[in-house]
Amino acid sequence: MKPIARSGAWKLLTAGAAVLAASPAFAQQDTEAPLTDLDTQRGVAPLLSIASSLPYNGDPFGTRAWLARHGVTFGFVYTSEGLANVRGGIKRAGVFDGKLETLIGVDFSRLAGWDGLTLFANTFQIQGNGGPGRNLVGNLNTISNIEALPTTRLSELWLQQTFLGGMASIRAGQLVVDTEFLFSQYFSFFLSSDWPTNPAVNIPSGGPAYPLSTPGIRLKVEPTPQTAFLLSVFNGDPTGPGLKDPELRNRYGLNFRVNDPPFVIGEFQYRYNQNPNSTGLAGGIRFGGWHHFGTFDDLGFDTAGHSLASPLSTGIARRLRGNDGIYAVIDQQLYRPPGGDVNSGVAMFSRAAYSPPDRSLNDFYLDAGIIFAGMLPARPADIFGASFLYSHMSNRARELDRDIQLYTGLPVPLRDYELSFEFTYGAAIVPGWTIYPTAQLIFHPGGNVGEPNSPTVPIRNSVVIGVRSVIQY
C-alpha cells in the first residue's frame, strides 16, 4: 500500500486519540435509563433477534453467552430486497440488493478490567448490481438505504473511552457520520432513510456515510441525561480524487486516508420522555452545522467571471474556499398508548438542511413523515409509515441551464427539485424477522435533468415498488 502523508493537524488529532481513546455503549441506549447488566451483555447484538425463535436461542453450545459474559459480543443483520421501477425513470426493470452486516464489540471493562474502554467494528458484504438509483431511476434522493456496488468492505473500526464519570466520551478510528449526526430515530423505519441529499451531494464522495467511512475523531458530552453535545472531525474525502465512482475508488473500505482537507460537524441534542417508564410523549430535537475545509467549484461561473456556458468561458470553474451547512431534526411522538414505549403509537419526524447555492447542488433539503406502530390489536408488532423527501436544486445551477439554452439553443431542462414519497408497511414474522412491502413515487428524478441518451428530454417521473426482508441475529 502506498504510504499516506499526514498533515500537522491530523498528527495532532491522532495523537490526542491515542491518549484519550474512545465512548459509551455500542447500541444506542436510552439516555434517561441506567445501563443494565442485560444491556451490557447484549452489546452490539440487535435488540430483537431471530435467535429467540431458534433451538437453544440460537446458541446451542453457549459460545455466544460465554463471550458476552467476558465482554465480547457480536451480531448479524441480513437485509435483502427486490425493487422494480414500473414506470418512468431511465429503465423499467427490477433489481435485487442484499447486505449482510457483521457487528463485533469488545467491552474491555469485562475483558481486561479497563473501565469505559470499548471497541467496535462492522463489515458489509453487499450483493446485487448497484441498486435502483444507478440503474433504473437516476434519482438524487435515496430510494434504498442499502444500495451500493457489490463488494465486501470494512465500515467502522474504532476505540471509545468514557471519562468524567461517564458524562463524556471520545471515539477515534475509522468512522461514519450518519449514525449519530443528522439522524432521526423515527425515520430509520423507512427504506429511504439515509444521510440526506444535502450534504451527500455537496461534499467530496458524499462524506463518511454508508457505504463509505474514513478516519476521524468524535467527542460527546452529556451534561444531563436529556442533553448531549457532539463534535467530530473527519478526513474530508473517504475515497480521494478520481473519475471513477467513489465506491470503486475505495472498494474495500481500506483506504484510511488522512491527508484531505478536514470535514467538521457539530450537533446539540435534546431528548425527552425516552425512559420506558415515562408516560409523556417522547421526542427530541437536534441542531447542527458542518464545514468542509476543501475547495469547491462554482456551479455557474469560470475563473474569468464568465458563465460556464458562454463561448468565452475558459471551461474551468471558479474555485471557492470551503462549504457549509446548517440543519435541524425533530422527532415527536403524537400518541403513546397506555404502557407503550417510545416507539409505539403514532410519531412524526422532520429534517431540514441548507447550504450556500453558489457551490452546493442541493441548497435546501426537507424530509418528513409519520409512522403508526402497534395500532392493530391482532398485529401489535406491525408498523405502517408514509414519508417524503424534497431536494431543491441550486438557483446557480438553474441559471447555468438557462445560459446553456441561450448560448447553444438547446432546450435542456431547467433543474428545479426532486420530490419523492414512500409508503411502507412492516410486517413482523417472528421477533428479529420483518418483511416490508413498499411503494415509492419519484418526481423530477435527478432534480429535473435530461435522460442519459436524450439530454433535452427530462427523466420521467418514476414509480418503484418492491419488498424488503430484514433478519437480525
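If the condition is being in contact with a Phe, Trp or Tyr (Cβ under 7 Å, 6 or more places away or on another chain), more than 20 Å from Leu191 (Cβ to Cβ) and among the aliphatic types (A, V, I, L, M), then the stretch 354-399 contributes only Met393.
Can you spot a residue in the stretch 34-53 that is charged (D, E, K, R), part of a helix (DSSP H, G or I), loosely packed, with under 14 Cβ neighbours inside 10 Å and at pLDDT below 95? Checked the stretch 34-53: at least one residue is charged (D, E, K, R), part of a helix (DSSP H, G or I), loosely packed, with under 14 Cβ neighbours inside 10 Å and at pLDDT below 95. Residue count for the stretch 337-359 under the criterion of being closer than 30 Å to Asn395 by Cα and over 19 Å from the mean Cα position of the chain (by Cα): the result is 4.
So, in the stretch 233-253, of the ones that are of a type in the set (Gly, Ala, Ser) and farther than 19 Å from Asn323 by Cα, which residue ends up surrounded by the fewest Cβ atoms within 10 Å (Cβ to Cβ)? Only one residue tops the list, namely Gly242.
Counting the residues of the stretch 421-468 that are buried (at least 19 other Cβ atoms within 10 Å of the Cβ) and within 26 Å of Tyr78 (Cα to Cα) gives 11. Taking the listed residues Ser193, Ser188, the one that is of a type outside the set (A, V, I, L, M, F, W, C) and under 24 Å from Gly447 (Cβ atoms) is Ser193, with no other qualifying. The residues of the stretch 130-147 that are among the small types (Gly, Ala, Ser), surrounded by 19 or more Cβ atoms within 10 Å (Cβ to Cβ) and in contact with a Leu (Cβ under 9 Å, 6 or more places away or on another chain), listed by number, are Gly131, Gly133, Ser144.
Residues that are charged (D, E, K, R) and over 21 Å from Asn85 (Cβ atoms) number at least 3 in none of the strands (runs of 3 or more DSSP E) confined to the stretch 384-473.
Restricting the stretch 37-95 to residues that are in contact with an Asp or Glu (Cβ under 9 Å, 6 or more places away or on another chain) and among the β-branched types (Val, Ile, Thr), the residue that is nearest to Val470 (Cα to Cα) is Thr79. Scanning the stretch 102-121 for residues that are in a strand (DSSP E or B) and touching a residue at least 40 places away in the same chain (Cβ under 8 Å) returns Leu103, Ile104, Gly105, Asp107, Leu117, Thr118, Leu119, Phe120.
Of everything in the stretch 259-304 that's among the aliphatic types (A, V, I, L, M) and assigned to a loop (DSSP other than H, G, I, E, B), which residue is nearest to Asp324 (Cα to Cα)? Explain how you work it out, then say what you get.
Within the stretch 259-304, the first condition is being among the aliphatic types (A, V, I, L, M), and the residues that meet it are 264-265, 281-282, 285, 299, 304.
Filter once more, keeping what is assigned to a loop (DSSP other than H, G, I, E, B): 281-282, 304.
On the way: Leu281: 34, Ala282: 31, Ala304: 24 Å.
In this case the residue turns out to be Ala304.
The residues on offer are Phe256, Phe263, and the sole one that is aromatic (Phe, Trp, Tyr), modelled with pLDDT of 95 or more, farther than 22 Å from Asn198 by Cβ and surrounded by 17 or more Cβ atoms within 10 Å (Cβ to Cβ) is Phe256. Selection of the stretch 205-231 for residues being outside any loop (DSSP other than H, G, I, E, B) and within 15 Å of the chain's Cα centre (by Cα) yields Ser205, Gly206, Thr214.
In the stretch 232-245, how many are of a type in the set (Lys, Arg) and either modelled with pLDDT of 95 or more or part of a strand (DSSP E or B) (or both)?
Summing the residues that are of a type in the set (Lys, Arg) and either modelled with pLDDT of 95 or more or part of a strand (DSSP E or B) (or both) in the stretch 232-245 gives 0.
Only residues that are assigned to a strand (DSSP E or B) and of a type in the set (D, E, K, R) were counted across the stretch 57-101, and they come to 5.
Quick check on my filter: what residues within the stretch 81-100 are touching a residue at least 40 places away in the same chain (Cβ under 8 Å) and either surrounded by fewer than 18 Cβ atoms within 10 Å (Cβ to Cβ) or among the charged types (D, E, K, R) (or both)?
Correct list: Glu81, Gly82, Ala84, Val86, Arg87, Lys91, Arg92, Ala93, Gly94, Asp97, Gly98, Lys99.
Could you list all residues from the stretch 68-118 that are under 21 Å from the mean Cα position of the chain (by Cα) and among the hydrophobic types (A, V, I, L, M, F, W, C)? Across the stretch 68-118, the qualifying residues are Phe76, Val77, Leu83, Phe96, Leu100, Leu103, Ile104. Can you find even one residue in the stretch 221-229 that is of a type outside the set (Val, Ile, Thr), closer than 22 Å to Ile126 by Cα and surrounded by fewer than 23 Cβ atoms within 10 Å (Cβ to Cβ)? The answer is no; no qualifying residue exists. Within the stretch 177-196, one or more residues are of a type in the set (S, T, N, Q), touching a helix residue (DSSP H, G or I) at 6+ places or on another chain (Cβ under 8 Å), under 24 Å from Val342 (Cβ atoms) and crowded, with 17+ Cβ neighbours inside 10 Å. Among residues of the stretch 31-52 that are farther than 25 Å from Gly283 by Cα, those with a Cβ under 6 angstrom from a residue that is part of a loop (DSSP other than H, G, I, E, B) and modelled with pLDDT of 50 or more, sequence gap 6+ or separate chain, pair up as Ser49/Gly432; Ser49/Tyr473; Ile50/Gly432; Ile50/Tyr473; Ala51/Tyr473; Ser52/Pro431. Would the stretch 404-420 turn up any residue that is buried (at least 16 other Cβ atoms within 10 Å of the Cβ), within 23 Å of the chain's Cα centre (by Cα) and under 19 Å from Arg468 (Cα atoms)? Taking every residue of the stretch 404-420 in turn, at least one turns out to be buried (at least 16 other Cβ atoms within 10 Å of the Cβ), within 23 Å of the chain's Cα centre (by Cα) and under 19 Å from Arg468 (Cα atoms). Of all residues being within 20 Å of Tyr436 (Cβ to Cβ) and buried (at least 18 other Cβ atoms within 10 Å of the Cβ) in the stretch 119-129, which is nearest to the chain's Cα centre (by Cα)? Just the residue, please. Here the answer is Phe124.
The residue that is nearest to the chain's Cα centre (by Cα), counting only those in the stretch 371-380 that are surrounded by fewer than 16 Cβ atoms within 10 Å (Cβ to Cβ) and in a loop (DSSP other than H, G, I, E, B), is Pro380.
The values are calculated or read from the model by the stated rules, or taken from the named source; none is laboratory data. In this text, all values refer to a predicted model and were calculated from it rather than measured experimentally. Please note: Cβ atoms are built from the backbone with ideal geometry, for glycine as well, and neighbour counts cover all protein chains shown.
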